[in-house]
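Chemist: Here it is, the structure, as structure tokens.
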Amino acid sequence: MNIQDNYLTLADGQQMPQEGFGLYKVDGQGTMTAAIQHAFEDGYRLFDTAQLYGNEAEVGTALKQLALPRDEIFVTTKVAEENQGYDRAIASVKESLQKLQLDYVDLLLVHWPIERSFFETWRAFEDMKKEGLTKSIGVSNFEMIHLQYLATQAHEMPVVDQIELHPLLTQKPLLKFNQDHQIITQAWSPLGRGAVLGQDVLKQIAAQHQKSPAQVILRWHLQNGVSFIPKSVHEARIAQNAAIYDFSLTPAEMAQIDALNNYQRTGREPELVYEYNRQY
Ligand SMILES: NC(=O)c1ccc[n+]([C@@H]2O[C@H](COP(=O)([O-])OP(=O)(O)OC[C@H]3O[C@@H](n4cnc5c(N)ncnc54)[C@H](OP(=O)(O)O)[C@@H]3O)[C@@H](O)[C@H]2O)c1
């Protein structure tokens, strides 16, 4: 197995790469095009952007410049809080598609749950999928309570839940819930934005396998069966993050990494975003 032929099957039947490439804070056309080019050459096929990142147009230009075959890439974008609600969500996704220079995205996510337009936004997502603006629909930063609430009115449930997930925030109960409900968990900040890399346990395991701490963490995600989307703008790290298919962690090593969990978030608390109706 390698990054390029490692796909997960979503509940709607679509295939999604297990490992993808994060684009948050990849800014400037030169940096964007170079990052996507290196990533594609190294076998990444999933590219994760969002309205909030303000770089959809740069992603679109990069995909055009590099002439990447549409059916070989998997593009995700996310609807920002300010664009939630039935009409606004649809209008904003049409604008995103224009910026991305695409007819459809592969995966469309609700970026954060908010109370104000919780159900209307999802109704728009179901309709956008029917219209072909996206192949799959999912959510991000939804906890169990949000998924259970959504299920009271949804005709179709999300096939992906993209959440903050790394060794300092292992989210085991939510992972199990998602698995039990045919929702693929996708880890954002899979490296904890770098905050986890200095942990002694990870350094020791890395030395054992002649790999870097970042590679050990990504391998841990891989063996947990979740999808994950590391970001880097450095060529060597982009390559390194894809080179995790030639070693494996033992059950004891997996348990040592699990034990680093201390409920430490780098991002917002989803329930508070839900109540405030915005990222606070
Ligand atoms: N849904 C959401 O709410 C949400 C929130 C946050 C992020 N995301 C998505 O998840 C993606 C990944 O998360 P993230 O960007 O926050 O964090 P991340 O992927 O956990 O970490 C990225 C950081 O780690 C560094 N890094 C990458 N590979 C490395 C390596 N091999 N060795 C050492 N350092 C390394 C990067 O630096 P360099 O770039 O300088 O190499 C960057 O500072 C985002 O890009 C975005 O697409 C989604």
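Chemist: Test LEU272 against the criterion of being more than 29 Å from MET32 (Cβ to Cβ) and part of a loop (DSSP other than H, G, I, E, B), and give yes or no.
Modeler: Values: more than 29 Å from MET32 (Cβ to Cβ): yes; part of a loop (DSSP other than H, G, I, E, B): no.
Answer is no for this residue.
Chemist: Give segment 210-230 a look and list any residue that's among the polar types (S, T, N, Q), within 7 Å of the ligand (Cβ to nearest atom) and touching an Asp or Glu at 6+ places or on another chain (Cβ under 9 Å), or say none.
Modeler: Scanning segment 210-230 gives no hits.
Chemist: Here are some conditions: (1) in contact (Cβ under 8 Å) with a residue 60 or more places away in the chain; (2) in a strand (DSSP E or B); (3) buried (at least 24 other Cβ atoms within 10 Å of the Cβ). LYS135 meets all but one. Which one does it not meet?
Modeler: LYS135 satisfies every listed condition except (3).
Chemist: For segment 101-125, what are the residues that are within 16 Å of the ligand (Cβ to nearest atom) and either over 22 Å from GLN186 (Cα atoms) or in contact with a His (Cβ under 6 Å, 6 or more places away or on another chain) (or both)? Don't jump to the end; show me each part of the working.
Modeler: Step one: list which residues in segment 101-125 are within 16 Å of the ligand (Cβ to nearest atom), which gives 105-114, 121, 125.
Correct list: PRO113 only.
Chemist: Among VAL79, VAL93, VAL26, VAL59, which is closer than 21 Å to GLN162 by Cβ, touching an Asp or Glu at 6+ places or on another chain (Cβ under 9 Å) and in contact (Cβ under 8 Å) with a residue 12 or more places away in the chain? Reasoning before the result, please.
Modeler: On the way: VAL79 fails: touching an Asp or Glu at 6+ places or on another chain (Cβ under 9 Å); VAL93 fails: touching an Asp or Glu at 6+ places or on another chain (Cβ under 9 Å); VAL59 fails: touching an Asp or Glu at 6+ places or on another chain (Cβ under 9 Å).
Among VAL79, VAL93, VAL26, VAL59, only VAL26 is closer than 21 Å to GLN162 by Cβ, touching an Asp or Glu at 6+ places or on another chain (Cβ under 9 Å) and in contact (Cβ under 8 Å) with a residue 12 or more places away in the chain.
Chemist: Now a separate question. Is it the case that ILE184 is away from the ligand (no atom under 12 Å from the Cβ), touching a Ser or Thr at 6+ places or on another chain (Cβ under 8 Å) and within 24 Å of ALA50 (Cα to Cα)? Even if it seems obvious, please write down each step before you answer.
Modeler: Numbers: away from the ligand (no atom under 12 Å from the Cβ): yes; touching a Ser or Thr at 6+ places or on another chain (Cβ under 8 Å): yes; within 24 Å of ALA50 (Cα to Cα): yes.
For ILE184, the condition - away from the ligand (no atom under 12 Å from the Cβ), touching a Ser or Thr at 6+ places or on another chain (Cβ under 8 Å) and within 24 Å of ALA50 (Cα to Cα) - is met.
Chemist: Continuing with this model, one more query. Looking at segment 46-64 only, could you name the residues that are buried (at least 23 other Cβ atoms within 10 Å of the Cβ), of a type outside the set (A, V, I, L, M) and either more than 13 Å from the ligand (Cβ to nearest atom) or assigned to a helix (DSSP H, G or I) (or both)?
Modeler: Result: GLU56, GLU58.
Chemist: Same structure again: Any residue in segment 206-233 that's touching a residue at least 24 places away in the same chain (Cβ under 8 Å): show its pairings with residues that are away from the ligand (no atom under 13 Å from the Cβ) and among the aromatic types (Phe, Trp, Tyr) at Cβ separation under 6 Å, as long as the two are six or more apart or on different chains.
Modeler: So the pair list comes out as HIS209/PHE247.
Chemist: Same structure again: With the requirement that a residue be surrounded by fewer than 15 Cβ atoms within 10 Å (Cβ to Cβ) and either more than 16 Å from the ligand (Cβ to nearest atom) or not in a loop (DSSP other than H, G, I, E, B) (or both), what does segment 231-260 give you?
Modeler: Within segment 231-260, the subset surrounded by fewer than 15 Cβ atoms within 10 Å (Cβ to Cβ) is 234, 236, 246-248, 250-252, 255, 258-259.
Result: ALA236, SER248, THR250, PRO251, ALA252, ALA255, ASP258, ALA259.
Chemist: If the requirement is being more than 8 Å from the ligand (Cβ to nearest atom) and crowded, with 23+ Cβ neighbours inside 10 Å, which of these qualifies: LEU202, LEU191? Give the steps one after another, and end with the answer.
Modeler: On the way: LEU191 fails: more than 8 Å from the ligand (Cβ to nearest atom).
On inspection, the qualifying residue turns out to be LEU202.
Readers should treat all values here as calculations from the given coordinates under stated rules, not as data from a laboratory. It should be emphasised that the depicted structure is a prediction, and the values quoted were computed from it without experimental measurement. Glycine also receives a Cβ, built like all others from the backbone with ideal geometry; neighbour counts cover every protein chain displayed.
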